[in-house]
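The values are calculated or read from the model by the stated rules, or taken from the named source; none is laboratory data. Small disclaimer: the values here were computed from a predicted structure and weren't measured. Cβ atoms come from the backbone with ideal geometry, glycine included; neighbour counts cover every protein chain shown.
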Amino acid sequence: MTYLKAIAVVGLLAVSALSVSTAQAQDMLGSYVARISERDHHASDGYPLESAAQMVRQDRANWHKFRRRDSDDQGDPWFRGNDDRAQLERMLERGGAMSSATRRAIVNGEPLIEVDVYPDSVRVSVLED
């Protein structure tokens with residue numbers, strides 16, 4: 001029994017060390033809150049957007065470039081330029097960036113979202129549908 005306990009402890013320590021190193025590799029840079037409103041459902045030249053990633057990117061363009069801001073929107077220091085917003089869209093299209101329920105809420109409504117920004121990824125969650 002002592003041998004099995006020792007193996008279990010070693011296993012837990014290994015998992016803990018792995019979790020810590022993964023968390024350090026993905027330290028959150030910060031986050032912002034945004035309302036994805038009807039104006040974010042359309043590109044700046046008026047055509048309708050189809051994906052949640054495009055709409056979140058448009059929200060940041062509306063904030064930084066066009067100064068079309070919803071009252072719930074917060075600023076961010078990461079997505080000021082067009083290239084930065086293109087990178088945001090690519091990160092949003094990756095698996096794990098947002099759940100299918102979050103994608104549907106963005107495409108079909110005007111949710112309040114929180115975007116957690118990491119060095120190489122983002123994670124989006126709905127705060128209010």
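Can you pull out the residues in segment 53-91 that are touching a Lys or Arg at 6+ places or on another chain (Cβ under 7 Å) and among the hydrophobic types (A, V, I, L, M, F, W, C)?
Hits for segment 53-91 are Ala61, Trp63, Phe79, Leu88.
If you scan segment 96-115, which residues turn out to be of a type in the set (Ser, Thr, Tyr) and part of a loop (DSSP other than H, G, I, E, B)?
Ser99
Which ones in segment 16-40 are of a type outside the set (D, E, K, R), at pLDDT 95 or above and more than 17 Å from the chain's Cα centre (by Cα)?
If the condition is that a residue be of a type outside the set (D, E, K, R), at pLDDT 95 or above and more than 17 Å from the chain's Cα centre (by Cα), then no residue fits.
For every residue, the table says whether it meets (1) without any contact (Cβ under 8 Å) to a residue 12 or more places away in the chain; (2) over 15 Å from the mean Cα position of the chain (by Cα).
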site	(1), (2)
Pro48	yes, yes
Gln58	no, no
Arg69	yes, yes
Asp72	no, yes
Arg80	no, yes
Gln87	yes, no
Ser100	yes, no
Ile106	no, no
Asp120	no, no
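Filtering segment 108-118 down to residues that are more than 9 Å from the chain's Cα centre (by Cα) and surrounded by fewer than 17 Cβ atoms within 10 Å (Cβ to Cβ), which residue is farthest from Ala34 (Cα to Cα)?
Across segment 108-118, the extreme among qualifying residues is Asn108.
So in segment 61-93, with the set limited to residues that are in a loop (DSSP other than H, G, I, E, B) and not charged (D, E, K, R), which one is surrounded by the most Cβ atoms within 10 Å (Cβ to Cβ)?
Looking at the filtered set, the residue picked out is Phe79.
Determine, yes or no, whether His64 is in contact with a Gly (Cβ under 9 Å, 6 or more places away or on another chain) and touching a residue at least 12 places away in the same chain (Cβ under 8 Å).
yes
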